[in-house]
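For reference, the structure is listed below as structure tokens.
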Amino acid sequence: MEENVDIQFASDYLITAVRQTGAALSVLKLQKLLYYAQGWHLALAGETLFQGKFQAWPQGPVNRDVYDRFMATKSLDSELFESDVSKDFSAAEVNHENRNHLDRVLLRYGKYEDSVLQEMIEREAPWREACEHGGERCEKEIDEDNMKRFCTVIYLAGLQPGVPSATPRLGARRAIPFDTLGILALRAGTEAKRAS
């Protein structure tokens with residue numbers, strides 16, 4: 001069993017990594033990167049990367065502890081800087097395996113603007129199932145089993161995880177429901193068995 005990383009250290013690690021590239025990072029984009037880091041860790045390692053649930057807010061998934069950390073001085077749209085990193089943070093606080101995982105999530109999702117990440121998340125079943133309230137604020141937690149299942153099926157099916165340009169669109173936004181992904185995953189597994 002891998003050691004959990006403190007979510008604040010995971011936040012500090014991501015802020016530092018993004019700012020070292022010269023890219024911008026808002027509080028909201030940080031929340032989304034943490035959400036994807038948790039979902040993919042659940043799928044690939046079978047356990048949480050850090051303690052702390054995400055709530056389904058209209059702006060996307062929000063971890064309350066991370067929100068509370070910045071709320072006195074930042075809005076969700078505010079940019080984060082290296083000066084926002086905890087004074088006691090050291091990359092050594094995040095073990096090698098967890099740093100690698102965060103780096104992979106950053107490589108996959110860090111290149112997208114917050115608005116693109118938002119569109120991706122809005123089309124994904126875990127957020128949609130928790131966020132049934134339309135545009136109103138919601139504090140309902142996103143089910144971690146749903147996050148795990150969604151990322152697992154995406155991985156097994158070899159699909160691009162939610163990238164809007166890679167997903168066909170017919171009119172309004174469409175989510176890829178679990179059952180569709182399950183069928184795709186089963187097909188992929190069946191085709192792989194036939195080929196071997």
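The values are calculated or read from the model by the stated rules, or taken from the named source; none is laboratory data. Here the structure is a predicted model, which means the values were calculated and not measured. Cβ sites come from the backbone with ideal geometry, for glycine too, and all protein chains shown count toward neighbours.
Worth pointing out:
- Cβ-Cβ distances below 7 Å connect the following pairs, each with a first residue in the range 27-47 that is in contact (Cβ under 8 Å) with a residue 12 or more places away in the chain, a second residue that is in a helix (DSSP H, G or I) and of a type in the set (S, T, N, Q), and a separation of six or more residues or different chains: Leu30/Ser11; Leu34/Ser11; Ala43/Thr152.
- In the range 82-101, the condition of being on the phi < 0 side of the Ramachandran plot and within 14 Å of the chain's Cα centre (by Cα) is met by at least one residue.
- Within the range 97-117, residues that are among the β-branched types (Val, Ile, Thr) sit with their Cβ atoms under 7 Å from residues that are in a helix (DSSP H, G or I), at 6+ positions apart or across chains, in these pairs: Val105/Leu33; Val105/Tyr36; Val105/Ala37; Val105/Trp40; Val116/Pro164.
- Lone unmet requirement of (1) modelled with pLDDT of 95 or more; (2) in contact with a Phe, Trp or Tyr (Cβ under 9 Å, 6 or more places away or on another chain); (3) under 22 Å from Val5 (Cβ atoms) for Asp65: (2)
- Within the range 14-44, if we keep just the residues that are touching an Asp or Glu at 6+ places or on another chain (Cβ under 6 Å) and either among the small types (Gly, Ala, Ser) or not in a helix (DSSP H, G or I) (or both), the residue that is modelled with the highest pLDDT turns out to be Ser26.
- Trp127 vs. criteria crowded, with 17+ Cβ neighbours inside 10 Å, touching a residue at least 12 places away in the same chain (Cβ under 8 Å) and touching a strand residue (DSSP E or B) at 6+ places or on another chain (Cβ under 8 Å): yes
- Out of Asp65, Asp77, sole residue that is among the charged types (D, E, K, R), under 24 Å from Arg128 (Cα atoms), in contact (Cβ under 8 Å) with a residue 40 or more places away in the chain and assigned to a helix (DSSP H, G or I): Asp65
- If you go through the range 80-121 and keep only what is more than 30 Å from Pro58 (Cα to Cα) and charged (D, E, K, R), you end up with Lys87, Asp88, Glu93, Glu97.
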